Amino acid sequence: MSTNGKPKFAMYWAASCGGCEIAVLNIHEKILDVDANFDVVFWPVAMDTKYKDVEAMPDASILLTLFNGAIRNDENAHMAHLLRQKSKILVAFGSCANEGCMPALANLSSAKDIITTAYHTLSTDNPQGIEPQPDWNAPEGEIHIPRLLPVVKTLDQVVPVDYYMPGCPPESPQIAAVIDLVVQVLQGKAELPPAGSVIGAGNSTVCDECLRTRNVKLIKKFERIQNTKLDPILCILEQGVLCSGPATRSGCNALCPVAGSPCIGCYGPAEGVLDYGARLMTAVASVIDSNDPDEIDSILDGIPDPVGMFYRFNMAGSLLRASKGAWDGK
Amino acid sequence: MTETFEPVIIGFTCNWCSYRAADMAGTARMKYPPNIRLIRLMCSGRLDPTFVLKAFASGADAVLITGCHPGDCHYVEQNYKALRRFQLLKRVLTQMGIEPQRLKLVWASAAEGAKLAEAITEHTEEIRALGPLNWPTGPNGFEQNKPEEMVVQEVTA
């Protein structure tokens, strides 16, 4: 560890895809500001450091830690506890750390089923039926690999979090703005937002930023986007293609709908929304154009995987958090 | 445990019809089980699916949504929105592993105190037979009792 007196910065990935790290590097020359103002002490994707280096640091010695990724196994949980202990400001960075994102769709299956699918189905060449063992005595010594937790958790379900920065991944201009803010705080020119705030995002919904034209929505049939020729100007939901804009937090300038693809909800629940899927269900169900239970049911058949649709990014962060089967381990 | 299981049911009522039906059941001294906890909304259209999910996540065994008969809504057509949300929510709950009979929708006008009392009795008995839900995030769920402790299973990554 260097002793150049600069505040320390760390970034860690738990159960994630690495897109958040790319989004950080995508701030282009702004990354030099990070280097000029911070001493990067731990960032597994960018530099060679070991967990024991972090363990050796004094408590609260890292000023800012961006933590991306959900908590899938006991290694993720250990790192969450360790980085919480070593950091002054811990930011849940990106959708996985905030609400579970794609990894949390595993909360619809038990950990046992996941292992079975991974090691014992047709697409896996595993004639001896070998499964990885958590503890193994090799001639060179004992080896441990992480164990799955029964359900995927968000960062703040494991440790207290100071700030939330949503997005899959967070948009690079938003990251740049947050880094600008932190640098200004370091120079005494600005103040940190209140603890627990959502940073690097808007306070409204994606619909609010969307440039498409909205009329009264009356839906007789839900269509998959690949079976539709979308009108380039009209609201996407109005055309019967599910769009998550009404429930999703703004901050991305409605990139997807403006480009002709429905919002899939990666910025998470809008301000004040307790359960993302519930809010989206409220919006989608109310525009169904039928008062007849049977017809409503046949219109709803156009949504073949409702949980996957309404909780695509938010399963771990939802009120129920996981399916009954996943909780029970069955 | 030898205690008999007493289901906890959260009931959402509409100010203009089913809440008055419950009131009427009370003044007429009709009996229905005390397992239901009634919450008054201005309209069944006010029922955000969040309320239902929160009830289950907080330990309720079942939820009963009530509203004005189709066509009778005080706010013209909001009970139809409740109906559509109910049908969609039921699909989501089924996929989450919650038995669909734990969520029920009953129409009851202000005059139908007896009908409401009967529906509550019937739902209570149905849930009593079905058994507790005990969602892990609820007061008796394991996730609630030891939020700090990580439950690790014998399954490898």
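What follows is calculated from the coordinates using simple rules that are stated; it is not laboratory data. Predicted model, so just to flag it, every value in this text is computed and none were measured. Here Cβ is always computed from backbone atoms with ideal geometry, including for glycine, and neighbour counts include all displayed protein chains.
What the table shows:
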| read-out | value |
| --- | --- |
| C-alpha long axis of helix B:113-130 to longest principal axis of chain B, angle in ° | 20 |
| Inter-probe distance in nm under a simple model that places probes 7 Å from Cα toward Cβ, at B:E77 and A:D48 | 6.8 |
| Extension gain (nm, one decimal) between A:S123 and A:I233, 0.36 nm per residue minus Cα-Cα | 35.3 nm |
| Student exercise, the stretch A:30-114 dipole from Lys, Arg, Asp, Glu Cβ charges, in Debye to nearest 20 | 160 |
| Dipole magnitude of the protein assembly as shown, debye to nearest 20 (Cβ charges: Lys/Arg +1, Asp/Glu -1, about Cα centre) | 1120 |
| Nonlocal amide H pairs with B:G11, under 5 Å, H built at 1.01 Å | B:R37, B:L38, B:I39, B:L64 |
| Interchain or long-range residues, amide H under 5 Å from A:T205's placed H | A:S250 |
| Free-standing Cys, chain A [no other Cys Cβ under 4.7 Å] | A:C17, A:C20, A:C207, A:C210, A:C235, A:C243, A:C252, A:C256, A:C263 |
| Förster radius 30 Å - calculated FRET efficiency between A:L82 and A:D33, Cβ distance, rounded to 0.05 | 0.65 |
| Shape call, the stretch A:206-325: gyration tensor on alpha carbons, a/c limit 1.5 | oblate |
| Over 24 Å between alpha carbons, listed pairs A:K86/A:K189; A:K8/A:K50; A:K50/A:K112; A:K86/A:K324 | A:K86/A:K189; A:K50/A:K112; A:K86/A:K324 |
| Loop-located trypsin sites (Lys or Arg not before Pro) in the stretch B:1-63, at most 12 other Cβ atoms within 10 Å (DSSP) | B:R29, B:K31 |
| Top positive-direction residue, dipole computed over the protein assembly as shown with Cβ charges, set A:P193, A:T282, B:M24 | B:M24 |
| Radius ratio Rg over Rh of the stretch B:9-145, counting only Cα atoms, Kirkwood formula for Rh | 0.97 |
| Chain A: relative contact order as a whole-number percent, Cα under 8 Å and 6+ apart | 19 |
| Rg to Rh, two decimals, where the stretch A:162-271 supplies the alpha carbon set and Rh follows Kirkwood | 1.09 |
| Cα-centred dipole magnitude for the stretch A:206-325, charges only on beta-carbon of K, R (+1) and D, E (-1), debye, nearest 20 | 380 |
| Simple spin-label estimate for A:E191 and B:K115 in nanometres, 7 Å along Cα-Cβ | 5.8 |
| Estimated 222 nm signal from helices in chain A, with DSSP H stretches of n ≥ 4 weighted -39500 (n - 2.57), rounded to 500 | -8000 deg cm²/dmol |
| Rough spin-label spacing in nm, given labels placed 7 Å along Cα→Cβ, for B:F5 and B:L130 | 1.1 |
| Positive minus negative residues near A:D289 (Lys, Arg vs Asp, Glu; Cβ under 13 Å) | +1 |
| Karplus-derived 3J(HN,Hα), 6.51/-1.76/1.60, for each residue of the stretch A:250-257, Hz, glycine and proline x | 6, x, 9, 6, 6, 3, 5, x |
| Expected-Rg normalisation [2.2 N^0.38 Å, Cα atoms] applied to chain A | 1.10 |
| Reach of B:K115 by Cα under 14 Å, taken over aspartates and glutamates that are not fewer than 8 positions away in the same chain | B:D23 |
| Selection from A:V307, A:V273, A:N291, by position along the positive dipole direction of the stretch A:264-312 (Cβ) | A:V273 |
| Stretch gain in nm, segment A:E271-A:D59, where the contour uses 0.36 nm per residue and the Cα spacing is subtracted | 73.0 nm |
| Residues with amide H under 5 Å from that of A:I264, placed H, sequence gap 5 or more | A:S244 |
| Degrees separating the helix A:276-286 axis from the principal Cα axis of chain A, which is the longest one | 10 |
| For the stretch B:21-65: rounded, prolate or oblate by the Cα gyration tensor [a/c cutoff 1.5] | oblate |
| Ascending count of other beta-carbon atoms within 10 Å, so fewest first, for A:L148, B:L130 | B:L130, A:L148 |
| Sequence of A:M79, B:M96 once ranked by neighbouring C-beta atoms within 10 Å, starting from the fewest | A:M79, B:M96 |
| Folded to 0 to 90 degrees: helix A:111-120 orientation relative to chain A principal axis, Cα | 90 |
